[in-house]
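Working notes, beginning with the structure itself.
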Amino acid sequence: MEVTTLSYTNLHNHGELFANMFRARHRTFIQQAKWDLPEADGMEFDQYDTPASRWVAVHDRGEVLAGVRLTPTTHRCGIYSYMIRDAQRGLLASIPSNLLFDEAPIAPHIWESSRVFVSDHVPANMRLRVQMQLIHEMVISARSFGASMVLGLIPEHSPRLARRVGLDCVAAGPVLDIDGSRSICVNINMATKMH
């Protein structure tokens, strides 16, 4: 099992990994969760998959087991900035605008994590290990980009896992039902040490 942080500047070094991550997202979010998202050629993507973002992929022999997208909160592309902020501004019909307690931040030291997933192909006895690899690499990558905080929209149960591995994870909004999934926005402090 390997973990790779992908960007538009290094994707050519990783063969099909970038496309395979979007295929795994398609399987997770469109085929299984039945979310109404943009798709092409069996890949799920949206307006936040730009050169400003980075993607952490846990993979084994080309198969993507888990992933997360990281986007700077300072990013802008046309009317869009980052997913959580745009939802709060009412630009995304599928995500409630009351997802945060406070105004969405814009700061170079805060990045957003989104499109977090673990593939259904990961056996139950490997899920925790895969999740740990994903969280570990996300923290390393976010820190390398200068982030001291990550704001994420994640499944309701995920903060317990983050705390279990030593991450300081605090609710930044209420638990919401989004397309049939209970999700919550959290602030994750990148300064804490993982176990």
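The values are calculated or read from the model by the stated rules, or taken from the named source; none is laboratory data. Note that the coordinates shown come from a computational prediction; the quantities given were computed from them, not determined experimentally. Glycine gets a Cβ as well: all are built from the backbone with ideal geometry, and neighbour counts include every protein chain shown. Areas reflect the complete protein model, heavy atoms only, side chains present, ligands, DNA and RNA absent. Shrake-Rupley method; radii C 1.70, N 1.55, O 1.52, S 1.80 Å.
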Rounded percent of accessible protein surface that carbon and sulfur make up, segment 41-140, 1.4 Å probe: 55
Per residue, the convex hull volume that the Cα atoms of segment 25-92 enclose (Å³): 109
Taking segment 82-181, the whole-percent share of alpha-carbon pairs separated by over 21 angstrom is 38
Just want to confirm a number: the relative contact order over segment 83-195, from Cα pairs under 8 angstrom separated by 6+ residues, in percent. 29
Residues whose modelled amide H sits under 5 Å from the amide H of Ile178, counting only those 5 or more places away in sequence or on another chain, are Ser183
Dipole size in debye (nearest 20) for the chain around its Cα centre, Lys and Arg Cβ +1, Asp and Glu Cβ -1? 520
Choose one answer from Ala124, Ala19, Ala171: the residue with the largest mean-square fluctuation in a GNM of the chain with alpha-carbon springs under 10 Å. Ala124
Convex hull of segment 134-182 built on C-alpha atoms - directionally averaged projected area, nm²: 3.8
Determine, from the Cβ-Cβ distance of Asn125 and Ser7 and an R0 of 35 Å, the FRET efficiency 1/(1 + (r/R0)^6), rounded to the nearest 0.05. 0.65
Once you sort the root eigenvalues of the Cα gyration tensor of segment 75-118 as a ≥ b ≥ c, which label holds: rounded (a/c under 1.5), prolate (a/b larger than b/c) or oblate (the other case)? rounded
Would you work out the charge dipole size for segment 126-180 about its Cα centre, treating the Cβ of every Lys and Arg as +1 and the Cβ of every Asp and Glu as -1, and quote it to the nearest 20 debye? 320
For the chain, what does the accessible surface come to per residue with a 1.4 Å probe? Please give it in Å². 48
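How big is the dipole moment of segment 94-195 about its Cα centre under a simple scheme where the beta carbon of each Lys and Arg is +1, that of each Asp and Glu is -1, and everything else is neutral? Debye, nearest 20, please. Walk me through the numbers before you get to the answer.
On the way: 9 positive and 9 negative charges, 103 e Å.
Result for segment 94-195 is approximately 500 debye, rounded to the nearest 20.
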3J(HN,Hα) from dihedral phi, segment 111-127, Karplus parametrisation 6.51/-1.76/1.60, rounded to Hz, x for glycine, proline: 10, 9, 10, 8, 6, 6, 8, 10, 4, 5, 6, 7, x, 3, 6, 10, 4
Please state the shape class of segment 33-72: rounded when a/c is under 1.5, otherwise prolate if a/b exceeds b/c and oblate if not, all from the C-alpha gyration tensor. oblate
Which of the GluC sites (Glu not before Pro) found in segment 41-114 are in a DSSP loop and have at most 11 neighbouring Cβ atoms, other than their own, within 10 Å? Glu103
Evaluate the relative contact order of segment 121-187 (contact order divided by residue number), counting alpha-carbon pairs under 8 angstrom at least 6 apart; express in whole percent. 30
On the formula 1/(1 + (r/R0)^6), with r taken between the Cβ atoms of Glu16 and Arg143 and R0 of 41 Å, the FRET efficiency rounded to 0.05 is 0.90
